[in-house]
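Worksheet: one structure, shown below.
The values are calculated or read from the model by the stated rules, or taken from the named source; none is laboratory data. These numbers come from a predicted model, not from an experiment. With ideal geometry, Cβ positions are generated from the backbone for all residues, glycine too; neighbour counts draw on all protein chains shown. All accessible areas refer to the heavy atoms of the entire protein, side chains included, with ligands and DNA or RNA removed. Shrake-Rupley method; radii C 1.70, N 1.55, O 1.52, S 1.80 Å.
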Amino acid sequence: MAGLLRDLRGSQLVARFQRRCGLFPAPEGGPREKGAGRAEGAAGHHPAVRGQGAGAPQAYVQDYIVKNYFYYYLFRFSSTLGQEEFYITFLPFTQWNIDPYLSRRLVMIWVLVMYVGQVAKSILKWPRPASPPVVQLEKRVVAEFGMPSTHAMAATAISFTFLISTMDRYQYPFLLGLTMAVVVSTLVCLSRIYMGMHTVLDVLGGVLITALLIVLTYPAWTLIDRLDSASPLLPVCAIIVPFFLCYNYPKTDYYSPTRADTTTIVAAGAGVTVGFWINHFFQLMSQPAKPVIQNIPPLTTDMIVLGLTKFTVGIVLILLVRQFVQNLSLQVLYSWFRVVARNKEARRRLEIEVPYKFVTYTSVGICATTFVPMLHRVLGLP
């Protein structure tokens, strides 16, 4: 058993998977081949690098060769299903065009599993696969730890929460829904190994933790649907408790984007909770319908155009709110703490990074659930 765990946690298994899928490190000093590319990897833990502090992974440029472009683009795309680009498109689209109560449930479970996963990373501090022999195709998250894979956690949580939450609301073949959930989560999990960002054990750990969280929290899911009718103190708790959790995030030996990403996710969840409470308190939205099995309407050109229009209007408003609140909060914090504006290092300070991220994305969550639907009604978009 110990040997098996060692293999699953090791980098050699990741490297073998990459080679099987046609991804190879370029020979040192050799001529550039067709299909060659460059990636910024991390060669383990070394003294302070790029101002990140002692123990930060040393970044370097690594050449690689792609011999199977099908797997390369498949896993590149699959990896985005667990990244911010997917969250800021799929979750709002679900909110505005499919079912706002389904969207809220997805957001709450997503926030829970991501917070647990990010905190577990910072506590366990297991390194990512060593490069070399692994080719690491992403550079932004190189400074983060590996165990568990939060991409695997998010993909598994969203896929299966979507499946479980729609079974009693929409009529569709359960086997089809289950197959899609398994395929999406599997593709994301395999993509994290192919990208060289996680070991097999990281991915399996993420999936198992998510499965456990879903099982433990499922009995309380119906409470999520009644959050908007809770006590008037709910907005206060929904702001104070998440902010406290973010501000007291586990410290690491060097800076990584983990704390900022966690604050962004938790703040968005807080904003969604407050937004739904505002909708209920001011009667801006009808009460959630009781679970009634209904047929999925066929897609028509008018429906597609309407959905894309609502999505475009909503995303534009969210981006405007995000930019305005971010700039305003940063200016206030810079002035309060007397630091030079546009100082990248100052943004990483705990007393600046957490408040500005939290205020910005709480505002985004409120905007997405309250002001965007109001704008849709003003523009006559049902």
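Consider residue 102 against the criteria (1) in contact with a Pro (Cβ under 8 Å, 6 or more places away or on another chain); (2) within 19 Å of residue 169 (Cβ to Cβ): it satisfies all of them except one. Which criterion is unmet?
Of everything listed in (1) in contact with a Pro (Cβ under 8 Å, 6 or more places away or on another chain); (2) within 19 Å of residue 169 (Cβ to Cβ), residue 102 misses just condition (1).
Yes or no: the range 146-157 includes at least one residue that is closer than 19 Å to residue 272 by Cβ, open to solvent by 30 Å² or more (accessible area, probe 1.4 Å) and at pLDDT 90 or above.
no
Hey, can you tell me all the residues within the range 117-128 that are buried (at least 17 other Cβ atoms within 10 Å of the Cβ) and modelled with pLDDT of 85 or more?
Within the range 117-128, 117, 118, 120, 121 qualify.
Given the criteria in a helix (DSSP H, G or I), open to solvent by less than 10 Å² (accessible area, probe 1.4 Å) and out of contact with any Ser or Thr (no Cβ under 8 Å at 6 or more places or on another chain), does residue 165 qualify?
Taking the combined requirement at face value, the residue satisfies it.
Mind listing whichever residues of the range 247-266 are within 10 Å of residue 119 (Cα to Cα) and assigned to a helix (DSSP H, G or I)?
Across the range 247-266, the qualifying residues are 258, 259, 262.
Given the residues 38, 9, 50, 19, which is the only one that is open to solvent by 30 Å² or more (accessible area, probe 1.4 Å), at pLDDT 85 or above and of a type in the set (D, E, K, R)?
Checking each option against the conditions leaves just 19.
Under the condition of being open to solvent by less than 50 Å² (accessible area, probe 1.4 Å) and farther than 21 Å from residue 311 by Cα, which residue from the range 75-90 is nearest to the chain's Cα centre (by Cα)?
79
In the list 328, 319, 333, which residue meets the criterion of being open to solvent by less than 60 Å² (accessible area, probe 1.4 Å), at pLDDT 80 or above and of a type in the set (A, V, I, L, M)?
333
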